[in-house]
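Comments concern the structure below.
Throughout, read-outs are computed from the coordinates displayed, never taken from laboratory work. Source: prediction; values computed, not measured. Glycine also receives a Cβ, built like all others from the backbone with ideal geometry; neighbour counts cover every protein chain displayed.
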Amino acid sequence: MSEGELTLGEHLQELRRRLFISALALLVGSAVSFAFFQEIIEVLVRPSHLQDGVGPQLIYIEVTELLTTSVKVSLLAGLILAFPVILYQVVMFVAPGLTEGEKRYLFAFLPGAMLAFLAGVAFAYFVLAPPALRFLLTFGGDIATPMIRISNLVDLMVRLLFWMGLAFETPLVMYLLAQLGVVNARTFARFRRLWVVVAFILAAIITPTFDPGNQALVAAPLLLLYEIGILLAKLAGRARRRRSAGAITPVQRGE
């Protein structure tokens, strides 16, 4: 065993320390979020308000439903607050097994991943959710008056925000894979037609409605994000070739 290597026990001790810090960050974030759970829920249900600014009448039909929803929202908000800390702990745990170049790409990836996730959440909240909820809440309005369970609406919004935030990570993941040499832009381009099918399948899963208009609102950015990912993968491939050429040149000169 070399001097810089850790024993299995030391690895487990390091893992336990990273998990403890992550759990503590989640606990603190959830506690802070629970203090503002009412404001968080109000923000989540705001896209359901119609053009006159009036939203549906929210109800709960179980004794513990509102408390359970508040705890769930607090945990999810706490996870978002603690996510930078948790992600940093994961990176620091795997960093000793990476090369210096891989570490550099991974650390540069972190802020971009956060911004991409927030962009996806913003897109879902401001662009996708209002027309989707408007369609659902006004469909058949002459037949029945909507009285929506608060847990149902909150779960729908959380699911929509999360999956769209995750979908916006696509270009960065493609760029990172190309930068590490796992996949190149040509391979991504060959799967372009398949991605069209995947994008509409994901749109049908993510979108809470079945109308083509709202599904197209999800599929269109997914297709655009994939094209951006191909472009970034091309740039990563060029950078890798330049680095390879720079590494070979000194050897050739020595010959």
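Over the chain, dividing the summed -39,500 (n - 2.57) contributions of all DSSP H runs of at least 4 residues by the number of residues returns a 222 nm mean residue ellipticity of -26000 deg cm²/dmol. Applying the Karplus relation 6.51 cos²θ - 1.76 cosθ + 1.60 with θ = phi - 60° to the range 104-117 yields 3J(HN,Hα) values of 4, 5, 5, 5, 5, 6, 4, x, x, 5, 5, 5, 5, 5 Hz, where x marks Gly and Pro. Extension gain, ARG190 to GLU227: 0.36 nm times the residue separation minus the Cα-Cα distance gives 12.1 nm. Peptides 87-98, 172-183 ranked from most to least packed, by the mean per-residue count of other Cβ atoms within 10 Å: 172-183, 87-98. In this structure, GLU65 and PHE36 have a Cβ-Cβ separation that, at R0 = 22 Å, corresponds to a calculated FRET efficiency of about 0.65.
The relative contact order of the chain, computed from alpha carbon pairs under 8 Å that lie at least 6 residues apart in sequence, is 21 percent.
Between the helical axis of 170-179 and the longest alpha-carbon principal axis of the chain there is an angle of about 10 degrees. For the range 27-42, backbone phi angles converted through the Karplus equation (6.51, -1.76, 1.60; θ = phi - 60°) give residue-by-residue couplings of 5, 5, x, 5, 5, 5, 5, 5, 5, 10, 5, 5, 5, 5, 5, 4 Hz, Gly and Pro being listed as x. Sorted ascending by nearby beta carbons within 10 Å, beginning with the fewest, PHE34, PHE168, PHE191 become PHE191, PHE34, PHE168. Relative to the longest principal axis of the Cα atoms of the chain, the long axis of helix 212-254 lies at roughly 10 degrees.
When the Cα atoms of the range 70-144 are aligned to their principal axes, the ranges along those axes come out at 64, 27, 15 Å in descending order.
Relative to the longest principal axis of the Cα atoms of the chain, helix 150-167 runs at roughly 30 degrees. Work out, in µm²/s and without decimals, the Stokes-Einstein translational diffusion coefficient of the chain at 25 °C, 0.890 mPa s, Rh from Kirkwood over C-alpha pairs. For these conditions, the coefficient is 114 µm²/s. Put simply, the amide H of ARG149, placed in the peptide plane, has neighbours under 5 Å in ILE59, leaving out anything fewer than 5 places away on its chain. With neighbours defined as other Cβ atoms within 10 Å of a residue's Cβ, the residues TRP163, TRP195 order from fewest to most as TRP163, TRP195. For the range 77-87, the Karplus equation 6.51 cos²θ - 1.76 cosθ + 1.60, evaluated at θ = phi - 60°, returns couplings of 5, x, 5, 5, 5, 8, 4, x, 5, 5, 5 Hz by residue, with Gly and Pro reported as x.
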